[in-house]
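Asks: Below is one structure. I have some questions about it.
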Amino acid sequence: LWQFPDVEGTLTVEQMLGTVRTMGMEPTNILRQSDKIHVFTHVQWNMRGWYLEVDRQSPSLTWVSGRELDVRYALPTAYRQFWDGELN
């Protein structure tokens with residue numbers, strides 16, 4: 001299973017931008033933020049996703065098209081809810 005880049009805790013905009021920069025990218029546009037909840041049998045995750053445009057692809061991450069993500073990569077339900085196919 002694959003996942004989107006993540007960190008523990010709820011980040012402010014400034015913290016999120018700093019985290020993206022430590023991954024080797026420079027954010028050029030914040031598209032939106034999305035808050036989701038994922039419930040396991042005994043644990044609830046309160047998750048925040050940020051949709052960004054960046055100036056370059058970080059070599060430490062796997063980059064795929066939206067089509068590839070839909071067809072070739074398995075995302076757990078917790079992460080799948082952040083993918084709506086709009087960013088193909």
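Asks: Quick one: 3J(HN,Hα) in Hz for region 70-80, Karplus 6.51/-1.76/1.60 with θ = phi - 60°, rounded, Gly and Pro as x.
Replies: Per-residue couplings from phi come out as 5, 9, 10, 10, 8, 10, x, 3, 4, 8, 4 Hz.
Asks: Once fully extended, how much extra length lies between Asp55 and Ser34, figured as 0.36 nm per residue of separation less the alpha-carbon to alpha-carbon distance?
Replies: Between Asp55 and Ser34, full extension yields 5.4 nm more.
Asks: Between (1) 6.1; (2) 6.7; (3) 5.7, which matches mean projected area of the Cα convex hull in nm² calculated for the structure shown?
Replies: Recomputing mean projected area of the Cα convex hull in nm² here gives the entry labelled (1).
Asks: Suppose R0 equals 41 Å. What FRET efficiency, 1/(1 + (r/R0)^6) with r the Cβ-Cβ distance, do Arg21 and Thr41 give to the nearest 0.05?
Replies: That pair, Arg21 with Thr41, gives E of 0.65.
Asks: Something else: May I ask you to give the solvent-accessible area per residue for the chain, in square angstrom, as obtained with a 1.4 angstrom probe?
Replies: Details: 6320 Å² over 88 residues.
Dividing the accessible area of the chain by its residue count gives 72 Å².
The values are calculated or read from the model by the stated rules, or taken from the named source; none is laboratory data. It should be emphasised that the depicted structure is a prediction, and the values quoted were computed from it without experimental measurement. For neighbour counting, all protein chains shown are included, and Cβ atoms are generated from backbone atoms with ideal geometry for every residue, glycine included. Surface accessibility is based on the protein's heavy atoms, side chains included, excluding ligands, DNA and RNA. Shrake-Rupley method; radii C 1.70, N 1.55, O 1.52, S 1.80 Å.
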